[in-house]
Amino acid sequence: MRYLHTMVRVKNLEESLDFYCNKLGLAEASRYDNEAARFSLIFLCAEEDLASFNEGRAPALELTYNWDDNNYSEGRNFGHLAFEVDDIYEICQRLMDAGVTINRPPRCGHMAFVRSPDNISIELLQKNGSLEAAEPWLSMENIGEW
């Protein structure tokens, strides 16, 4: 398992970028704007980690800006921790066998969410793309929030 990123929701993207980049010194490593779902994802990392980030080897801070709904209370602005895993189906099965609820099953063979005992959302992402969609994951419903 490898630590990937921490996601934080932001209310004002320009103010947040000013803080994290201009004041704190992080650099924008990548940006994804989704017009259909009306959100932007901006990944930031230390300047010295830009090359490693682009090679998929450096952790980052993910700023999530929802274009419409962005009035978050403290706690809701923190999103999740993300880890890359070798086999998303194997780790989800191991977690379930240990009594952990899979809040968002890996139906796509790529992404799943669980929660820590303190309700911190944990995103699990399949290393090197996606595994072929498979049961029982494909038919599993979401449980609760993540």
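Since every read-out is calculated from the coordinates, none of them should be taken as a lab result. The shown structure was predicted, so the numbers you read here are calculated from the model rather than taken from an experiment. Here the Cβ positions follow ideal geometry from the backbone for every residue, glycine too, while neighbour counts run over all protein chains shown.
Over the Cα atoms of the stretch 87-146, Rg to Rh with Kirkwood Rh, two decimal places?
Numbers: Rg = 10.6 Å, Rh = 11.4 Å.
Value, to two decimals: 0.93.
Just need the Rg to Rh number for the chain, please, alpha carbons only, Kirkwood Rh. Don't skip to the end; give the middle numbers.
On the way: Rg = 16.1 Å, Rh = 16.4 Å.
Computed over Cα atoms, the ratio is 0.98.
So what J values fall out for the stretch 129-136 if you push phi through Karplus, 6.51 cos²θ - 1.76 cosθ + 1.60 with θ = phi - 60°, rounded to Hz, Gly and Pro as x?
These are the phi-based 3J(HN,Hα) values: x, 10, 7, 5, 4, 8, 7, x Hz.
Using only alpha carbons, build the gyration tensor for the stretch 36-82 and give me the equivalent ellipsoid semi-axes, biggest first, whole Å. Write down the numbers at each step before the final one.
Numbers: eigenvalues 122, 34, 14 Å².
Ellipsoid semi-axes (Å, largest first): 25, 13, 8.
Given the rule -39500 (n - 2.57) for each run of at least 4 DSSP H residues, summed and divided by the residues of the chain, what is its mean residue ellipticity at 222 nm, to the nearest 500 deg cm²/dmol? Present the calculation step by step, with values, prior to reporting the outcome.
Numbers: 3 runs with 20 residues, N = 146.
It lands at -3500 deg cm²/dmol.
Of the options Met96, Ser40, His80, report the single residue whose Cα projects farthest towards the positive end of the charge dipole of the chain (beta-carbon charges: Lys, Arg +1; Asp, Glu -1).
The residue sitting farthest along the positive end of the dipole is Met96.
Between helix 88-97 and the chain, what is the angle of the helix's C-alpha long axis to the longest principal axis, kept within 0 to 90° and rounded to the nearest 10?
60 degrees
Once phi is turned into θ = phi - 60°, what whole-Hz ³J(HN,Hα) does the Karplus curve with 6.51, -1.76 and 1.60 give for every residue of the stretch 25-38, x standing for Gly and Pro?
Karplus-based 3J(HN,Hα) across the stretch 25-38 equals x, 6, 10, 6, 9, 7, 9, 9, 10, 10, 5, 5, 8, 6 Hz.
Please build a GNM for the chain, connecting alpha carbons under 10 Å apart, and tell me which residue among Ala98, Ala60, Ala112 fluctuates the most.
Sorting by GNM fluctuation, first place goes to Ala98.
Return the long-range amide H neighbours of Arg9 (sequence gap of 5 or more, or a different chain), with a cut-off of under 5 Å between placed amide H atoms.
Thr64, Phe78, Gly79
Scattering from the C-alpha atoms of the stretch 2-66 alone, worked out with Debye: what is log10 I(q)/I(0) at q = 0.21 1/Å?
The Debye formula, applied to the Cα set alone, gives -0.83.
For the stretch 51-130, just say rounded, prolate or oblate: build the C-alpha gyration tensor, square-root its eigenvalues into a ≥ b ≥ c, call rounded for a/c under 1.5, and beyond that prolate if a/b exceeds b/c, oblate if not.
Working: a/c = 2.02, a/b = 1.17, b/c = 1.72.
Verdict is oblate for the stretch 51-130.
Contour minus end-to-end for Asn34 and Asn70, with contour as 0.36 nm per residue of separation and end-to-end as the Cα-Cα distance? Present the calculation step by step, with values, prior to reporting the outcome.
On the way: separation 36, 0.36 × 36 = 12.96 nm, distance 1.54 nm.
Gain on extension, Asn34 to Asn70, equals 11.4 nm.
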